[in-house]
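Just below is one structure, and these are the notes that go with it.
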Amino acid sequence: MDLVYGFFIFPAFYFLGDKLREWWGFPPADDAEAVVFSTVLGLVAVSLLITVLAVLHLIYPVTAWLLVAAIFAGRAGRVRQLAARLLRKLQTPRFSPSLPFGKTSFDIFNNGVLAVLVVMALTLALAPPTATDALVYHLAVPKAYLQHHGIINLPNNIYSFFPLQFEMIYLFCLMLKGGALAQLAGLGMTLLTLSAMVLFYKRHFSSRYACLVPVVFFATPTVWRASSVAYVDAPVAGLLFLAFYAWDRWRLTNREGWFLTMIALAACAVASKLTAVIALPLVFLGIVLQGRDKGSLARTFRNILLFALAVAVFLSPWLVRNFYYTGNPVAPFLMQFFGGAPGINWDEQRSFLQFQYYRSFGMGHGLKDFLLLPVNLTFFSEKDSLRFDGEVGVLYFLLLPALFWLRRAKRLDGTAKNATAGLAVLFAVLLISWFTQSQYIRLLLPSLAFLTLLAVLGFDGMMRCKPVAGKPAASWIHGILAAGILYNLSLAAGEWVRLQPIGYLAGLESRDRYLARHIASYPLFKVINETLDKKATVLFVYMQNLGYLCDRNFISDTFFEAHTLKKVLREDASVKGIARQLGNLNVTHLLFDNHYVFGKNSVFTAGGREALKNFLNSRTALVKAENGFYLYRLTAGKI
């Protein structure tokens, strides 16, 4: 059923975006370009509309359905026009839909790999959400907004103070159906990005090896996994690439609509992921370059102001929200200047420690480490590890030598050379920005999108050179690259096999069983949701803050997950003192991971553990214990 909803909402995005495209007055080069940009523009517009509804506290399922109905009703004529056009094509005797990816054996191989990757990602997207960050805030915050019908203060989740523009699409999906639909929306955005990458490559370079473009990017294990969960890393990478695509079309056509598209997509990216702030100077540079070539100084200044206005439109709801709740518009950052501590469960010390932790990802920030990035990312990156926390596979490493053949790629004309230079500049700037900050592979996705096009273009140039253009040499090179593609595919398939979504999708496994298989603490959340009073408040201690799974009020600590309980023990560790402080917080239940509370990796002192044990023995009753997790109910006295 979620898949049906997915096929329903993306046409809604398309028809709304198609109207915007008409208003802005820029014709696409072909139908494929029209579909991609109209759909993405519609998605961005819906995210803004949902933001307005959230500010007005009108977040109800009925408002989402009314929005969808209004889009289809307002574009009824266009719907009929496209339906009639499609019917005529289907009735054409020679009509045979096909993918424009070539017909060689290498092309067929790549199309097959791409199809397998899409099917695996689709099955994971249709399964219940289990990815940690989605459960912590990408879906948890929209769920809280839905429960309270609008934006509310969530002081115990610092991620709720981040700009949440793409999460408004996830909120829209939750209003209509649920978490699986949100995951489908994220996957749909990735597929639109892959389509745009192919269109860009074919338009500027050639159809030769165009089939390789989506495979190289999507077969990257971290890209593939991030696309099938409700994260924002892959969507933001897509928004940034599409913004560059729009700039390139603006550069070539000088049509105002492409400029408006560029600034809308770039502003949406910045309002969806803080690391995308690097787009601000890049777009500014793009506007200046375009103004130097084809505009006046006054027009350039006007375009810069329009871009600033677009950024303000997208960012202002989140900055105003933060200022309203904390007095700090950029909370949880710059608290040493703007304050905000009373309105948020955070402080400067924790912020500094968290920053240092994020900086520890990767394998160093020196010049030598930068030069060794291809080797380190390929052979030493690990999922769920400080070593980049992800995997890129071997494809980029195998294609790296091909970059030396960029200039030989099919006699690049001036337009193609400018496009290549733009890709190279964007890749370099995004890579350096990533390298100097936190080296999560997920944050590298925007750079990889640009690197993919450069690598495939270089590969094309290499295969046109006389020493390798012959059939024996070309066959060997194709074989080596195919082996790398299969290796990357095996990494993605390994993750797919681990998650095993088919049992759930086939009805052989219940939702509860699927979640319990992947989330050890899920049985405790099920007890909370089914047995606790709706007015209950649960204090989480080292429960990973999986708020999306909890249907009751809860208190948790971001990142430092025992901060509240440690503070309670520090202020008064007596049984009465603990009971009084938890009572002041309206806590009725305590849920904790025993491994970090009383286990060998306990974060509490011996005295703290003893005081907590005395409190549990005298003022609580055990509700449920499973897999090392304990749920206690606070009582008035000894049981």
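Being in the same structural domain as Ala196 (by TED's automatic domain parsing), crowded, with 23+ Cβ neighbours inside 10 Å and among the aromatic types (Phe, Trp, Tyr) narrows it down to one of Phe72, Phe37, Phe10, so name that one.
Numbers: Phe72 fails: crowded, with 23+ Cβ neighbours inside 10 Å; Phe10 fails: crowded, with 23+ Cβ neighbours inside 10 Å.
Phe37 is the lone residue from the list that is in the same structural domain as Ala196 (by TED's automatic domain parsing), crowded, with 23+ Cβ neighbours inside 10 Å and among the aromatic types (Phe, Trp, Tyr).
Selection of first residues in segment 382-403 that are closer than 20 Å to Cys465 by Cα and in the same structural domain as Tyr440 (by TED's automatic domain parsing) and of second residues that are of a type in the set (Phe, Trp, Tyr) and part of a helix (DSSP H, G or I), restricted to Cβ pairs under 7 Å at least 6 apart or on distinct chains, gives the following pairs, ordered by first then second residue: Leu399/Phe459; Ala402/Phe459. Here Thr326, Thr300 are screened, and the one residue that is in contact (Cβ under 8 Å) with a residue 40 or more places away in the chain and assigned by TED's automatic domain parsing to the domain that holds Ile441 is Thr326. Only residues that are surrounded by fewer than 19 Cβ atoms within 10 Å (Cβ to Cβ), of a type in the set (Gly, Ala, Ser) and in a helix (DSSP H, G or I) were counted across segment 260-300, and they come to 2.
Taking the listed residues Arg619, Arg552, Arg633, the one that is over 30 Å from His148 (Cβ atoms) and basic (Lys, Arg) is Arg619, with no other qualifying.
Those helices (runs of 4 or more DSSP H) of segment 322-383 in which 1 or more residues are of a type in the set (S, T, N, Q) and surrounded by 12 or more Cβ atoms within 10 Å (Cβ to Cβ) occupy 348-359, 373-379.
Go through (1) touching a Gly at 6+ places or on another chain (Cβ under 9 Å); (2) modelled with pLDDT of 95 or more and name the single condition Gly599 misses. Every condition holds for Gly599 apart from (2).
The values are calculated or read from the model by the stated rules, or taken from the named source; none is laboratory data. This structure is a prediction, so every number in the text was calculated from the model and none was measured. Glycine also receives a Cβ, built like all others from the backbone with ideal geometry; neighbour counts cover every protein chain displayed.
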